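Chemist: Got a structure for you, written out below as structure tokens; questions coming shortly.
The values are calculated or read from the model by the stated rules, or taken from the named source; none is laboratory data. From a predicted model like this one, the values you see are computed outputs, not experimental measurements. Cβ sites come from the backbone with ideal geometry, for glycine too, and all protein chains shown count toward neighbours. Only protein heavy atoms, including side chains, enter the accessible area calculation; ligands, DNA and RNA are left aside. Shrake-Rupley method; radii C 1.70, N 1.55, O 1.52, S 1.80 Å.
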Amino acid sequence: MPSLEAVCGKLFSHSGWVSKVAWGGAFSFIPILNLFSLGYLLEYTIRLKQEKQWNLPEWREMEPASLFSGGFQMSLLLLAYSGSPILLGWVLSIVLDFLTFGFLGIVSLSPLAVGAFVAPFLFLGSVHVFIRDGLFSDAWKISIVFKISQTMAPKLILPVIAFWGILLLALPLYGFSFFIGTWILLAYSSALDLAKLK
């Protein structure tokens, strides 16, 4: 099984990654343009799975229309598979806080924390189901997405915790931290999938 350190070593050993990440992070701050960042990450993941290309592709190689359409698809998966558990956790936290008259304090946010923790697993599972055959409709086969997410989960617990830690610590720079964190999670989960999760 590939280690997270080994995967990060491959990702950061290629020259030019800083400028590519800078563009992706900058686009992530801007509505509509953030779709191009998501599309870029989708294209990267496809190339990694098909050609085992660890280095980020050149932005100038990308077709804007393809990046936009891919980013739109990724945003739908992100909203559905990450947004839903976070929203459900938030609602349950409000209800819990209301039912306990606020006595639980920060403990009432536990459902929100659980939803946020589960969200990346479901999102990654949906992306990998999508790119296996290139059929976007496959990503909506919830039972398959849950199965893939459950299979990957034990290997991704620490990377997901690190992702949220970096995202929260670097909140003012959320565009860059989200882009880098998502890039690493997609690359590592792809490496696990290529290794057949052994």
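Chemist: Note the full-extension length gain between Ala26 and Leu88 as 0.36 nm times their separation in residues minus their Cα-Cα distance, in nm to one decimal.
Modeler: Taking 0.36 nm per residue and subtracting the Cα distance, the gain is 19.3 nm.
Chemist: Now a separate question. What Kirkwood Rh does segment 41-98 have if only Cα atoms enter the pairwise 1/r average? Answer in Å.
Modeler: 13.8 Å
Chemist: Something else: Using the Kirkwood formula over every pair of different C-alpha atoms, what hydrodynamic radius in Å results for segment 112-198?
Modeler: For segment 112-198, the Kirkwood estimate is 13.4 Å.
Chemist: Along the Cα-to-Cβ line of His14, 7 Å from the Cα, sits a label point; which residues in segment 44-84 have backbone N less than 14 Å from it?
Modeler: From segment 44-84, the list is 44-62.
Chemist: Express the carbon and sulfur contribution to the solvent-accessible surface of the chain as a percent, rounded to the nearest whole number, probe 1.4 angstrom.
Modeler: Accessible surface attributable to carbon and sulfur in the chain totals 73 percent.
Chemist: Taking segment 63-132, which chymotrypsin sites (Phe, Trp or Tyr not before Pro) meet the DSSP loop condition and have no more than 16 other C-beta atoms within 10 Å?
Modeler: Taking segment 63-132 and a limit of 16 other Cβ atoms within 10 Å, the loop chymotrypsin sites (Phe, Trp or Tyr not before Pro) found are Phe101, Phe103.
Chemist: Let me ask something else about it. Please check: in the Gaussian network model of the chain (C-alpha springs, under 10 Å), which one of Leu56, Leu158, Leu122 has the largest mean-square fluctuation.
Modeler: Leu158
Chemist: Just to confirm the number: angle between the C-alpha axis of helix 34-51 and the first principal axis of the chain, 0 to 90 degrees, nearest 10?
Modeler: It is inclined by approximately 60 degrees.
Chemist: Compute the convex hull volume of the Cα atoms of segment 1-111, divide it by the residue count, and report the result per residue in Å³ as a whole number.
Modeler: Measuring per residue, one finds 158 Å³ for the Cα hull of segment 1-111.
Chemist: Among Met62, Met74, Met152, determine the one that fluctuates most according to a GNM of the chain built with springs between C-alpha atoms less than 10 Å apart.
Modeler: Fluctuation is largest for Met62.
Chemist: Here's something else I'd like to know. As a quick test, which of the pairs Lys49/Lys147; Lys10/Lys147; Lys20/Lys141; Lys10/Lys52; Lys10/Lys49; Lys49/Lys155 have an alpha carbon distance above 21 angstrom in this structure?
Modeler: With Cα atoms farther than 21 Å apart: Lys10/Lys147; Lys20/Lys141.
Chemist: Helix 84-99 sits at what angle to the longest principal axis of the chain, using alpha carbons and giving 0 to 90 degrees rounded to 10?
Modeler: For helix 84-99, the angle is close to 20 degrees.
Chemist: Using Cα springs under 10 Å in a Gaussian network model of the chain, which residue among Arg47, Arg60, Arg132 shows the largest mean-square fluctuation?
Modeler: Its mean-square fluctuation being the largest, the pick is Arg60.
Chemist: What area, in nm² and to one decimal, does the C-alpha convex hull of segment 77-134 cast on average over all directions?
Modeler: 3.6 nm²
Chemist: Find the centroid of the Cα atoms in segment 156-183 and in segment 1-37, then give the distance between the two in whole Å.
Modeler: Each part's Cα centre sits 12 Å from the other's.
Chemist: Also, quick follow-up: Please give the helix 174-194 orientation as an angle from the longest Cα principal axis of the chain, in degrees from 0 to 90, rounded to the nearest 10.
Modeler: Between helix and principal axis, roughly 70 degrees.
Chemist: Here's another thing I want to ask about it. Working only with C-alpha atoms, what are the Rg and Dmax values of the chain, expressed in angstrom?
Modeler: 17.2, 56
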